[in-house]
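Reading through the structure tokens given below for one structure.
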Amino acid sequence: MKIKREMKVIILIMSTIFSLSSIHASSVQTEIKCGWKFKQARLNNWYPATVPGVVHTDLINNGILDDPFFRLNERGAQWVDKEDWIYETKFDLDDETFNKENIDLYFKGLDTYADIYLNENKILETNNMFREWRIDVKNIIKQKDNHLRIYFHSPIKVDLPKWEALPFRYEAANDQSENGGLFDKKVSVFARKAGYHYGWDWGPRLVTSGIWRPVFVEAWDGLRIDNVHYIQRNVSSKNADIETVLEIIGDKEIVSAKVKITDEQSGKILASTVIDIHKGLNKVRVGFSMKNPELWWSNGLGEPHLYTFKASIEVNNTTIDRKSEKIGIRSVKLVRQPDKFGKSFYFELNGIPVFSKGANYIPCDIFLPRVTREIYKKTILDAVDANMNMLRVWGGGIYEDDYFYELCDKYGIMVWQDFMFACSLYPAEGELLENIKQEAIDNVKRLRNHPSIAIWCGNNECLDAWEIWGWKRNYTTKDPRIADKIWKQFYDQYFIVLPEVVKEYDPMASYTPSSPFTDIDGRRDHTDGDMHYWDTWQKGLPISTYNNEKSRYFSEYGFQSFPEWATVLSYAPEEKDWNITSEVMMSHQRGGSSANLIIEKCLTNEYGTPKDFQSFLYLSQLLQGDAMKIAMEAHRRDMGYCMGTLFWQHNDCWPVASWASRDYYGRWKAQHYFTREAFRDILVSPIANGEKLEIYAVSDRLKNTAGKLYISVLTLDGKVISEINKSLNISANASTMVYSETIDKLIKNIARKDVVIVAEFIDNNNRRYTNNYFLLNQKEINLPKANIISDVRVVDKGFEITLNCDKFARAVYLSVDGLDNFFGDNYFDLLPNKEKSIKVQSGLSLADFKKQLKIVSFTDAFQ
Ligand code: BMA
């Protein structure tokens, strides 16, 4: 009896074991990119479409919609999100693809409520733009003339009934429903779709639909590697233990498949094992140790070394599938530990406490598929060039494109990754909570191998909004049962579901429930946790107040400015637009109706009244630069107590007045140049403390640095009042006060309004770190009219401009009309009779360049 049963089992296995000859190596992937057309669902005209793309850009490309960034055109684009749209294409399969045993359609991203039909069969309904979708279509797909149709439901029409059905509202602070003609119906919280599409305080309201990431046909035989996870443990420069977990999908039983992990550069096999594959999901674990691994370091601390690991699977010496990934060996964690000040908040990379220098990052365009690889590259390189080591991918945007993280890996930018929730409350229960969970799993799995991922964060400011902005109080006053319901959803989402996903799918990673975060009570505490500091901007306080604020970690703070003249012209070309309260300028300012006036008020207080609109734009950038310089230096001087400074914000998603340090076109504002200085590996930072001038040396280097400190006190027309020099050995990875002196002793009997203090550190390798410091606010400084002389010569890819000046020139600003130029330095001070050369990239001829070059400095901005 027993024998018989075993026989039966063996026969069964035999019959399901595939014949080796029927398996073909490697899966094939083809993008469905061509032949797409689209139409408004209830009308009949078809137009050509670009995929990936969104309906707005397709309408623009077909001349149906005017550029929404131009003047007030955004208003005329509001009908688009109330419509349903249909996209379709036809495609054939080549023999190889068609003959595979498994054929899937693989959607990398659909925005958002879509029904998908292949050859008139409904194969999928989607409801989350952040998720990926893979469908087996083997039984439906044909070799020729496949018809793929995607019906996008209006996200507004889908979500309005949900809003209407509820007896209470979910807060959504930034949803510009009124601009969308929806009155107070803030429906954004119901959609798993980028929050900023519904408007933000730096962005337009343009609620897109479309195939925003590529679509593929993927065909395979026998098995395919779905995912490989490299879990790193015990990482040091001596050793790293790597546990590799492969997820392999099999379509049949396969015996003796060989799984191998190879270091592609050296060809060395790091680990291998032989397994039997079953139908369905197979999880295979294979571990190895690396001796003396080359570690991945953040920008400034060392090389961000990347290995290329290949996971492959062979049957009978034929490789069936493989997956190569760039892996950086590193340990990174958020350290939250009680200490003598309170409780720490800092990142430890490879055992070293690292001071985070960086910015908050939003999507680079309101229309996401327009973000090219070039734009991504420039965005990350601009962070690297400004000496940043971290970007925070903020929760109102998207989980970024793979390429974004590849660049961060390559250039040593750590990523603080928010989950996509910001400044709102979400109906996180039932189906939506499950949807959120799946979204988190998809994205944690997609991104976890990137060495750049430093932390997962539950949301942006939702806890702050609940506890501090008054939301909890308001709900509780109206109906405590609703308050309890919302808090339960909140708790489930950020304190149970999301951390559990991180724990399960990225077990070595840190998670923080919200930013800012001290504890679950939502307290704001300067001695514990991270902080978003906004008072100086929001209340229009003197920019020097950035010196007074303390935190263990500034994960946000910012100050607005206008973009430069050329950028303003791109959206406000008419003379009647050229004042900050014009309708066009107000519409390209989303920080509230008073935001332009805050800039004006602070600017007048700090500098005086500019003579014209262009001078106003220039000074607004300088003001932002000065403000942020004060903040960045204060945070770094406080190193040890404070361990991070991420300003708001690195980029824009359209041309606008905002907190960005680079505008929509990637043009550096004054702040970005100032950031580059303030974030250098060594910062020399003078600061008045009562009657004393103190100078701090802040070093991110991991070894002490010997060199010389030079302090000069100059009158603004160049006379030397005091000169001090001093040998220093600056402590590694620390901030130290290296000089302190009574101000009166330094400036002798010269008035404070007539002097500038120049602090310079030159290390033993002749690297210079210079910082100019004034003892009074700019408005009180007696800046002379400076006579700047320039000389231009042709160099590779552009020109070199040499400048000279008889007196101190504050914030010298060079500009050339046109888009194709980038100045190596700008908004810099010129010291009397000290030559300075700047390189500029430009495609202009020398004659045109000279003709168009404009040079102004601070005093030129006034009558
Ligand atoms: C922050 C952010 C954003 C916002 C910015 C400027 O606190 O989290 O939501 O755009 O401030 O107000």
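The values are calculated or read from the model by the stated rules, or taken from the named source; none is laboratory data. Note that this is a predicted model, so its numbers are computed, not measured. With ideal geometry, Cβ positions are generated from the backbone for all residues, glycine too; neighbour counts draw on all protein chains shown.
General remarks:
- Restricting the first member to segment 208-224 and to residues that are outside the structural domain of H278 (by TED's automatic domain parsing) and assigned to a loop (DSSP other than H, G, I, E, B), and the second to residues that are surrounded by 24 or more Cβ atoms within 10 Å (Cβ to Cβ) and among the charged types (D, E, K, R), the beta-carbon pairs closer than 7 Å and six or more apart or on different chains are T208/D111; S209/D111; W212/D111.
- Any chance V758 is buried (at least 18 other Cβ atoms within 10 Å of the Cβ) and farther than 30 Å from G358 by Cβ: no
- Filtered residue count, segment 535-552, keeping only those that are surrounded by fewer than 15 Cβ atoms within 10 Å (Cβ to Cβ) and either under 26 Å from the mean Cα position of the chain (by Cα) or outside the structural domain of G640 (by TED's automatic domain parsing) (or both): 2
- Segments classed as helices (runs of 4 or more DSSP H), wholly inside segment 1-106, with at least 1 members that are crowded, with 17+ Cβ neighbours inside 10 Å and either modelled with pLDDT of 95 or more or β-branched (V, I, T) (or both): 55-61, 95-98
- Here E434 meets each of (1) more than 16 Å from the ligand (Cβ to nearest atom); (2) among the acidic types (D, E); (3) surrounded by 23 or more Cβ atoms within 10 Å (Cβ to Cβ) with one exception, condition (3).
- Exclusive hit being touching a helix residue (DSSP H, G or I) at 6+ places or on another chain (Cβ under 8 Å), closer than 25 Å to Y665 by Cα and not assigned by TED's automatic domain parsing to the domain that holds E691, set D848, D817: D817
- Check on Y170, in contact (Cβ under 8 Å) with a residue 60 or more places away in the chain, away from the ligand (no atom under 16 Å from the Cβ), in contact with a Phe, Trp or Tyr (Cβ under 7 Å, 6 or more places away or on another chain) and of a type in the set (F, W, Y): yes
- Applying the condition of being without any contact (Cβ under 8 Å) to a residue 24 or more places away in the chain and among the small types (G, A, S) to segment 589-631 and asking which residue is surrounded by the most Cβ atoms within 10 Å (Cβ to Cβ) yields S594.
- Count of segment 537-557 residues which are away from the ligand (no atom under 16 Å from the Cβ) and assigned to a helix (DSSP H, G or I): 4
- Test result for S615, modelled with pLDDT under 95, more than 26 Å from the chain's Cα centre (by Cα) and among the small types (G, A, S): no
- Within this structure, I135 fails the test of being touching a strand residue (DSSP E or B) at 6+ places or on another chain (Cβ under 6 Å), of a type in the set (V, I, T) and assigned to a loop (DSSP other than H, G, I, E, B).
- Residue identified as crowded, with 18+ Cβ neighbours inside 10 Å, among the basic types (K, R), modelled with pLDDT of 95 or more and more than 16 Å from the ligand (Cβ to nearest atom) among K144, K193: K193
- Which listed residue is charged (D, E, K, R), in contact (Cβ under 8 Å) with a residue 12 or more places away in the chain and in contact with a Cys (Cβ under 8 Å, 6 or more places away or on another chain), from E461, E429: E461
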